[in-house]
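K.L.:
Just dropping this structure here.
The values are calculated or read from the model by the stated rules, or taken from the named source; none is laboratory data. Because the structure is a prediction, the values reported are computed rather than measured. Quick reminder, even Gly has a Cβ in these numbers, built from the backbone with ideal geometry, and neighbours come from all protein chains shown.
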Amino acid sequence: MKSLEELKKLREKLQSDTKLRAADGIKVIVGMGTCGIAAGAREVMAALMEEVKKRGLAGVVFQQTGCIGMCEKEVLVDIILPGAPRITYGNVRPSDAGRLVAEHVINGQIVKDLVVAKSV
Amino acid sequence: MQFIRAHVLVCGGTGCMSSGSRQVQAGLEDEIARRGLDNEVKVVQTGCHGFCEMGPLMIIYPEGVFYVSVKAEDVPEIVETHLYKGRIIERLLYREPLSQKSIPSYDEINFYKKQRRIILSNCGHINPDEINEYIAAGGYEALGKALTLMTPAAVTEEVKKSGLRGRGGAGFPTGMKWQFARQSPGEKKYVVCNADEGDPGAFMDRSVLEGDPHRVIEGMIICGYAIGADEGYIYVRAEYPLAIKRLRTAIAQAEEMGFLGKDVFGSGFNFALHIKEGAGAFVCGEETALLQSIEGRRGMPRPRPPFPAVSGLWGKPTNINNVETFANIASIIVDGAEKYAEIGTEKSKGTKVFALTGKINNTGLAEVPMGITMREIIYDIGGGIVDGKKFKAVQIGGPSGGCLPEDMLDLTIDYDSLTAAGAMMGSGGLVVMDETTCMVDVAKFFLTFTQSESCGKCTPCREGTKRMLEILTRITNGEGREGDIALLEDLARGIKQTALCGLGQTAPNPVLSTLKYFRHEYEAHIKDHVCPAGACSNLTGYTITDDCRGCGMCKKVCPVGAIAGEIKERHVIKHKVCIKCGACEGKCPFKAIRKGA
Ligand SMILES: Cc1cc2nc3c(=O)[nH]c(=O)nc-3n(C[C@H](O)[C@H](O)[C@H](O)COP(=O)(O)O)c2cc1C
């Protein structure tokens with residue numbers, strides 16, 4: 001360790017590993033009720049994680065949730081950007097993951113054709 | 001593909017390990033792999049969270065859900081329900097004992113709400129075996145700042161300004177101590193960390209070393225820079241194998257990253273750190289005895305001066321501080337002395353870690369700001385007395401400290417108020433006692449400890465503590481004599497004034513403070529041959545309560561005629577005659593006779 005600068009750089013790099021223990025950041029929530037799992041929620045989540053990883057995004061947090069009663073629209077995925085309303089997408093397929101991450105997570109643009117609800 | 005979306009933090013402190021956290025962690029790793037989640041969920045072993053009563057503890061991120069008393073059998077459900085489906089498992093959440101409300105997150109629990117965690121901020125939240133997690137949490141920034149932006153004098157000045165006082169017991173101002181060592185002439189100097197932690201019931205230092213070893217190491221290196229030392233020793237008792245193991249790992253990692261070794265941060269400053277395992281003698285926590293022990297000699301105190309700052313390890317100027325003292329340094333350097341000094345009272349700055357034990361609901365570790373009251377610690381954080389019993393006293397400061405009674409519960413905690421009350425901050429052990437505790441017996445317990453740990457070098461301590469213990473033993477056996485209290489006080493005064501080291505000088509404190517606040521208990525033992533708490537087996541007398549209707553059954557059954565009273569009036573037991581056979585208790589139809597006085 002030769003300088004404070006070097007330490008700071010290292011710290012920033014390392015923080016991406018522990019970042020999910022801090023409460024801020026972007027949240028992606030996948031419906032993992034029996035209905036969601038039957039409709040392929042695991043595969044959707046895996047595809048979303050793959051996209052996030054591929055693009056090297058730090059600070060994206062994945063959570064799962066239970067059935068919210070819109071079973072026919074499963075797989076449901078919520079995306080919450082800090083300070084923005086919660087956007088719920090329905091009938092999400094693994095092939096939609098790229099668009100959701102590129103357009104919404106990165107650029108903040110709602111993917112209109114998949115949206116089923118919006119709430120604060 | 002590996003994308004880690006969840007961290008499961010399993011407590012690997014000594015408390016949780018002994019309640020089975022190792023099995024929980026192993027089971028968890030297997031189950032996660034079995035469900036094919038090992039590419040997205042990471043299991044992290046952390047240090048102590050402090051809430052040992054509820055162990056094994058687990059936190060799952062990103063939700064930050066806090067599970068308590070987790071058993072190996074719970075693992076499949078945790079993986080299936082929480083990690084796979086994202087549902088919180090209600091029955092594993094902590095329930096507040098009074099409201100019975102279950103509480104999902106850490107910060108909402110009363111035990112943590114009143115705490116102010118600086119020293120323990122990483123404990124339970126990072127993996128102590130991973131220097132990277134310490135760095136990610138801001139670690140070694142203080143060292144970098146000190147070495148590249150500050151002069152040794154400025155570092156010392158900053159510590160002085162913070163008002164930090166030694167956490168090892170006596171509360172000597174740390175910055176002043178560093179300055180003495182800095183100004184002491186000599187090429188070779190040493191930094192020593194006192195991790196002997198000999199007080200019965202104390203485990204603060206152990207938890208810091210196990211949960212966040214780098215914080216202590218960083219403090220020591222900064223001290224080395226400030227006083228001009230290039231070598232340090234951590235003196236840690238061999239009974240702390242986990243702490244030693246984590247320290248060894250931490251030192252090796254710090255060496256590899258260049259925080260220890262040559263030319264740290266390119267500043268030209270060198271520092272090497274060693275561990276010395278002690279054999280667990282209480283007296284080896286005393287600084288001069290400790291230094292002798294590091295040198296390979298028998299650990300016995302010597303008179304001061306010269307103080308270690310002038311002549312310490314191998315005769316060289318040495319600065320010795322406690323584990324927790326060193327653990328404060330990084331935040332003083334990073335945030336500045338002024339910010340640090342905002343916490344606490346005028347003469348006692350910062351926080352203090354206490355080990356809560358005894359008859360208290362939430363045993364564990366609590367870090368609180370100085371100036372908090374004893375009541376807040378015991379009731380708000382500690383959750384009150386076990387089984388709803390009545391509080392009687394709290395022992396603070398270990399064998400050198402004292403017992404405080406109920407009417408002192410609102411005493412604010414700082415070095416000076418505790419000393420004025422006849423107790424002492426000490427290292428931070430808090431033993432809570434309820435109505436069933438006999439205060440003479442407590443004094444005897446601590447004196448038994450100091451007497452057997454006395455090194456025998458000076459007569460007042462060697463002989464005096466033995467004589468005091470003899471007197472306490474005979475009082476608790478029911479053979480106390482007229483004049484014993486005066487004799488105890490006389491001996492106590494003599495030992496305090498003439499013993500060579502702190503061990504002897506403070507050994508009488510538990511006796512003096514119980515005499516001050518619970519004198520009537522001594523008198524009851526000696527004069528009435530009764531132990532009011534009903535704890536001393538030779539003296540567990542019986543008392544007749546207000547429920548007595550004066551039926552006379554007890555009087556009839558008593559084989560020695562120890563009960564007096566007229567029919568239809570409340571009866572009384574003559575304690576001097578009573579042989580404590582208990583016959584009356586079984587006979588009373590109104591349950592008006594109970595053990596104790
Ligand atoms: C009998 C005896 C035992 C002691 N045990 C310890 C101990 O276990 N840990 C500790 O830090 N200080 C202990 N001390 C205090 C040390 O002598 C010394 O004051 C302390 O390490 C200084 O560090 P500080 O200024 O950071 O508090 C003990 C003192 C005495 C007299």
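K.L.:
Which condition does B:Phe203 not pass, out of (1) buried (at least 23 other Cβ atoms within 10 Å of the Cβ); (2) within 14 Å of another protein chain (Cβ to nearest Cβ), if it passes all the others?
P.N.:
The single condition B:Phe203 does not satisfy is (2).
K.L.:
Could you identify the single residue in A:Val44, A:Val75, A:Val28 that is more than 10 Å from every other protein chain (Cβ to nearest Cβ), at pLDDT 90 or above and not in a loop (DSSP other than H, G, I, E, B)?
P.N.:
Just one listed residue meets the conditions, A:Val44.
K.L.:
Considering only region B:544-570, state which residues are in contact (Cβ under 8 Å) with a residue 40 or more places away in the chain and surrounded by fewer than 17 Cβ atoms within 10 Å (Cβ to Cβ).
P.N.:
B:Thr545, B:Asp546, B:Asp547, B:Arg549, listed by residue number.
K.L.:
Can you find even one residue in region B:273-289 that is closer than 20 Å to B:Gly186 by Cα, β-branched (Val, Ile, Thr), touching a residue at least 24 places away in the same chain (Cβ under 8 Å) and not assigned by TED's automatic domain parsing to the domain that holds B:Thr450?
P.N.:
yes
K.L.:
Let me ask another. Scanning region B:181-221 for residues that are more than 13 Å from the chain's Cα centre (by Cα) and among the hydroxyl-bearing types (Ser, Thr, Tyr), which turns out nearest to the ligand (Cβ to nearest atom)?
P.N.:
So the residue we want is B:Tyr190.
K.L.:
With the structure loaded, tell me whether B:Gly480 is of a type in the set (Gly, Ala, Ser), in a loop (DSSP other than H, G, I, E, B) and surrounded by 19 or more Cβ atoms within 10 Å (Cβ to Cβ) or whether it fails that test.
P.N.:
Yes; evaluated as a whole, the condition is true for this residue.
K.L.:
Can you report the number of residues in region B:416-435 which are within 23 Å of B:Val208 (Cβ to Cβ) and out of contact with any strand residue (DSSP E or B) (no Cβ under 6 Å at 6 or more places or on another chain)?
P.N.:
5
K.L.:
Now a separate question. On the basis of being surrounded by fewer than 20 Cβ atoms within 10 Å (Cβ to Cβ), facing chain B (nearest Cβ under 9 Å) and assigned to a helix (DSSP H, G or I), does A:Glu50 make the cut?
P.N.:
Yes, satisfied.
K.L.:
Pick out the one residue from A:Ile80, A:Ile68, A:Ile110 that is within 19 Å of B:Glu63 (Cβ to Cβ), modelled with pLDDT of 90 or more and among the β-branched types (Val, Ile, Thr).
P.N.:
On inspection, the qualifying residue turns out to be A:Ile80.
K.L.:
Which pairs do you get when a residue that is facing another protein chain (nearest Cβ under 7 Å), found in region A:1-19, comes within reach of a residue that is β-branched (Val, Ile, Thr) and not in a helix (DSSP H, G or I), reach meaning Cβ atoms under 7 angstrom, with the pair 6+ apart or on two chains?
P.N.:
Final answer for the pair search is A:Met1/B:Val264.
K.L.:
I would also like to ask the following. So, in region B:160-195, exactly how many residues are closer than 17 Å to B:Phe269 by Cβ and either free of Cβ contacts under 8 Å to residues at least 12 places away in the same chain or assigned to a helix (DSSP H, G or I) (or both)?
P.N.:
4
For (1) of a type in the set (Val, Ile, Thr); (2) closer than 28 Å to B:Pro200 by Cβ, each residue gets a yes or a no:
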{"position": "B:Lys276", "(1), (2)": "no, yes"}
{"position": "B:Gly280", "(1), (2)": "no, yes"}
{"position": "B:Val283", "(1), (2)": "yes, yes"}
{"position": "B:Glu286", "(1), (2)": "no, yes"}
{"position": "B:Met300", "(1), (2)": "no, yes"}
{"position": "B:Arg304", "(1), (2)": "no, yes"}
{"position": "B:Ala309", "(1), (2)": "no, no"}
{"position": "B:Ile320", "(1), (2)": "yes, yes"}
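K.L.:
Shifting gears a bit: Could you grab me the full set of residues in region B:270-301 that are in a loop (DSSP other than H, G, I, E, B), within 12 Å of the ligand (Cβ to nearest atom) and farther than 19 Å from B:Tyr240 by Cα?
P.N.:
B:Met300, B:Pro301
K.L.:
Considering only region B:241-290, state which residues are within 14 Å of another protein chain (Cβ to nearest Cβ) and closer than 22 Å to B:Gly211 by Cα.
P.N.:
B:Gln253, B:Ala254, B:Glu255, B:Glu256, B:Met257, B:Gly258, B:Phe259, B:Leu260
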